[in-house]
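Reviewing the structure listed below.
No value in this document is a laboratory result; all are computed from the given coordinates. Bear in mind the structure is a predicted one, so any value in this text is a computation, not a measurement. Virtual Cβ from ideal backbone geometry, glycine too; neighbours counted across all protein chains shown.
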């Protein structure tokens, strides 16, 4: 379990992370979302002791990461796949990590096989690796010590579709065995498929957190009819605020049953009625972080 | 989502985990000094240059100069340039190549990592010096045999440790610059400034300002290092001078550098 409590990190006058609190629970995949520069990576760096917090704390099962006797055996970390000495071979990087943790060298071969790097690739220097290969190597490093907790920053970056599928299965399986997974990603679809819990951060502060179901249910209802204007009007009459989207769909915070009965009463035939979950994470993400988006997009 | 098979309980920190032993860290850091292409060639070049320097003495030196000291001096020169660079890169590559992200995640105690690097660097220094003395000895035997002169062993037992110490001082300066600057290029440039440019300035200052003449040996680390290379650090005062320059150029900046390094962000 990862517990972040009132974590704050300031750089001079700039507050990168502002009183962030959340937990990532065992047996679940927790997705960590936020626009560029929202403070995801800073939060993750504080978690693993690379950055000192201005105030607040981050603990792994109640222990500060820096106080773990041999952290590699308890927490697998991948923050930046490109942060490796370019002159080392992939195998050498794993060997150094295994030696540091005190693991047998056989573990290196197991990991190379697990992340589907060929022996030839493992003998090449990281300078010549593609981003996807670096990600695989980074994941191998994270899994090397057979940890109970994984902290991964953008692990799907640069992976091909098969790699993304593989990563998804790997993390789901890891959580299924009781492990804790915290992963950040910009690939909202990926997060939506894989995450059980979500933490959304914007401008350094948490804007939403909870289970995926809770958060997406809160996104309301989407309805379509042959005459969207009439539907919107009927909803307004019933005291339900709604918005008419450009694609002819009507969105509202009310639940689908309510919208259905309003439409029935008004004699409007619905062509589609569902909770807005399908429209999903992207809309939620954009609306929650609307104030903090660089592009100023509103959902 | 697949079903959770194992109930998500009883996941706790493995209290049985033991801290990473320091000796293991030293071994890992030692390995990291050799396992990159640049590190590998740096160390190979120490061996190659030792042999080249020895060959040069045999070919070019007059018969009267075929002595162990000539060989030691010829080999010592390239060594005194390469070893500090080895020391610099041992520290700075963690930042310049960003491998520190993994290193300091696996071992959060940065002081221990830097300590292990210091020991590993010292071991490489001692090993290189041993190679240098050995190559020099072989060169001296071969050279005197080729020239048909008597083999001259004109290095006293007190001189050799001083030469070793002189090289370790150079490496310590490089290591310190690495800890303070944490960037390969800056630290290497910095090293050549303090070892090539600075002595000239201090020398000049001593020439034009009398009061500085007496002060220079206490401040100029090159002055005390050259004394070591010559094996002429003998009196208590000379050792005190060495202590003074070491404090100014190594101890103080190293402490400041370590304090900032321990809190600095690894990106």
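Among bridges DSSP assigns within the protein assembly as shown, what percent are antiparallel (round to 5)?
The antiparallel fraction comes to roughly 65 percent.
Using the count of nearby Cβ atoms within 10 Å as a rough guide to exposure, how do A:247, A:230 rank from fewest to most?
Neighbour counts put them in this order, fewest first: A:247, A:230.
Give the angle, between 0 and 90 degrees and rounded to the nearest 10, that separates the Cα long axis of helix A:90-101 from the longest principal axis of the Cα atoms of chain A.
80 degrees
What's the Cα-based Rg to Rh of the range B:22-263, Rh via Kirkwood?
Dividing the radius of gyration by the Kirkwood radius yields 1.01.
Which whole number gives the average, over all residues in B:124-130, of C-beta atoms from other chains lying within 10 Å of the residue C-beta?
Going residue by residue through B:124-130 and averaging, the value is 0.
Go ahead and estimate [θ] at 222 nm for chain A from helices alone: -39,500 (n - 2.57) per DSSP H run with n ≥ 4, summed, over the residue count, rounded to 500.
It comes out at -10000 deg cm²/dmol, rounded to the nearest 500.
Cut-off 10 angstrom, C-alpha nodes, Gaussian network model of chain A. Which of A:264, A:273, A:114 fluctuates the most?
Judging by the Gaussian network model, the answer is A:264.
Taking the Cα centre of each part, how many Å lie between the range A:176-238 and the range B:86-137?
First find each Cα centre; the distance between them is then 50 Å.
How would A:113, B:69, A:74 line up from fewest to most surrounding beta-carbon atoms within 10 angstrom?
Starting with the residue having the fewest Cβ neighbours, the order is A:113, B:69, A:74.
Have a look at the DSSP beta bridges in chain A and tell me what percent are antiparallel, nearest 5.
65 percent
Mind giving me the FRET efficiency for residue A:19 and residue A:118? R0 is 41 Å, r the Cβ-Cβ distance, nearest 0.05 is fine.
My answer for the efficiency is 0.30.
Please compute the average number of Cβ atoms from other chains found within 10 Å of each residue's Cβ in peptide B:105-113.
6
Quantify how strongly other chains surround peptide A:134-141 by giving the mean number of their Cβ atoms within 10 Å of each of its Cβ atoms.
Taking the mean over all residues of the peptide, I get 1.
What are the semi-axes of the equivalent ellipsoid of the range A:2-211, taken as the square roots of 5 times the eigenvalues of the Cα gyration tensor, listed largest first and rounded to whole Å?
28, 18, 17
Rounded, prolate or oblate, given the Cα gyration tensor of the range A:220-276, with a/c below 1.5 counting as rounded?
Rounded.
From Cα pairs below 8 angstrom and at least 6 apart in sequence, can you work out the relative contact order of the range B:22-263, rounded to a whole percent?
This gives 24 percent for the range B:22-263.
What do you get when you divide the Cα radius of gyration of the protein assembly as shown by 2.2 N^0.38 Å, with N the number of residues?
1.30
Name the residue, out of B:163, B:248, B:114, whose mean-square fluctuation peaks in a Gaussian network model built on chain B with Cα pairs under 10 Å.
Between B:163, B:248, B:114, it is B:248 that shows the largest mean-square fluctuation.
Angle between the Cα long axis of helix B:68-96 and the longest principal axis of chain B, 0 to 90 degrees, nearest 10?
20 degrees
For helix A:161-176, what angle does its Cα long axis make with the longest principal axis of chain A, in degrees from 0 to 90 and rounded to 10?
Once rounded, one gets 90 degrees.
Give the distance, in whole Å, between the Cα centre of the range B:189-267 and the Cα centre of the range A:77-136.
The range B:189-267 and the range A:77-136 have Cα centres separated by 41 Å.
Build a GNM of chain B with springs between Cα atoms under 10 Å: which of B:87, B:74, B:185 gets the top mean-square fluctuation?
Answer for the Gaussian network model of chain B: B:185.
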